[in-house]
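To keep things clear, I will list the structure first and then write my remarks on it.
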């Protein structure tokens, strides 16, 4: 399958637009661990993931990283090409969590097509809204309320008390213990799972990296 | 002057689009202090500021507020109508800092026009990118590096040492003292000024609300 089968709104584009986008996209193989984007002022291009898994994150002066979101098959990344919009002025690092295949679309070509296509511009706005929602959630839960630390601490304490890394409890029960909402617990557990700290099953949470979970609990 | 003179991209719209937007916009007077938007699920509509000043902020469970950005004359606000994009799922509160006049465009009308207009969709994406940049800056400087607290603390200490609320120092000097960059100091001082904590002059910073600045320094 080619680029157009992976790009979510191919069906809404004209034949000419679809062909132009497809012919400009370059397929690249990326090894696990390599950093694709993040150098200030650099404009890598837009990324469409064919296979694998990428991670978008920001980096503090002190070397602490905060994951903003993950990119999986068919996910589209704007912030590797923040130059397509003059108003976007921040740097997001993107690295490969697993060996990955990605298409890179040159920023200039996308920018020019987007300026004339309502479909592409609306899609771009939707994607930005999605990432914005992720970041606002992080602001509220992690940087502000320290809910990541509180949940990590709770899981470590429970594992200690029950002498097991497989905790049989529902998200509702955890939420009740932490004075939070089930939705918040579910989303943070998903975030933990993406970070490799736990595995989430129906009615059970398995701690898969106790050391890192404990260090998050004590951060 | 009417709506079209204030809306930044009127000149790029077709006559029909401009007329439709103008006729749908309702001019409202808002008293200082009133909250315009923020109730979950509510979709107030898009806001264009004619006069006055609005503030967009988020609210923690503990009642702490963080200002995201201010809206002045000719500024356009999307997040009072987050329903225009299904991917935007967070609530931003908007209140009037001064008596203001605003135009409100019904979300449904804007959404429908944006779906067909590349100009409107690109403008919407640009505005979102601008707000996203503001929020990323806040994440990095305030919630993460506590630069707001460090700068407030520095200004209070200097005022104490010099026995004056009018500090004669450049942004470069402050940056050097705090191990930061001039641009970061300038932007945070602008943020402080918008919050009413200081007034910034050429070569001089006047502390205008010492009590709140001190409480920020100790937070």
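Inspect all residues belonging to the stretch A:197-209 and state whether any of them is within 20 Å of residue A:65 (Cβ to Cβ) and out of contact with any helix residue (DSSP H, G or I) (no Cβ under 8 Å at 6 or more places or on another chain). Checked against the condition, which is being within 20 Å of residue A:65 (Cβ to Cβ) and out of contact with any helix residue (DSSP H, G or I) (no Cβ under 8 Å at 6 or more places or on another chain), the stretch A:197-209 yields at least one hit. Of the residues making up the stretch B:12-25, just one is within 25 Å of the chain's Cα centre (by Cα) and either exposed (fewer than 14 other Cβ atoms within 10 Å of the Cβ) or assigned to a loop (DSSP other than H, G, I, E, B) (or both), namely B:25. Taking residue B:96 as the residue in question, decide whether it is in the same structural domain as residue B:8 (by TED's automatic domain parsing) and closer than 16 Å to residue B:194 by Cα. When the stated conditions are applied, residue B:96 passes them.
Within the stretch A:70-79, one or more residues are assigned to a helix (DSSP H, G or I), under 20 Å from the mean Cα position of the chain (by Cα) and under 30 Å from residue A:23 (Cβ atoms).
A single member of A:50, A:28, A:32 is closer than 18 Å to residue A:94 by Cα, in a loop (DSSP other than H, G, I, E, B) and in contact (Cβ under 8 Å) with a residue 12 or more places away in the chain, and it is A:32.
Listed by position, the helices (runs of 4 or more DSSP H) contained in the stretch B:90-203 that have at least 2 residues being at pLDDT 90 or above, more than 14 Å from chain A (Cβ to nearest Cβ) and surrounded by 19 or more Cβ atoms within 10 Å (Cβ to Cβ) are B:147-162, B:171-178, B:182-194.
Against the criterion of being more than 13 Å from chain B (Cβ to nearest Cβ) and surrounded by 15 or more Cβ atoms within 10 Å (Cβ to Cβ), residue A:47 qualifies.
The values are calculated or read from the model by the stated rules, or taken from the named source; none is laboratory data. Small disclaimer: the values here were computed from a predicted structure and weren't measured. Methodologically, a virtual Cβ is constructed for each residue, glycine included, from the backbone with ideal geometry; neighbour enumeration extends over all protein chains shown.
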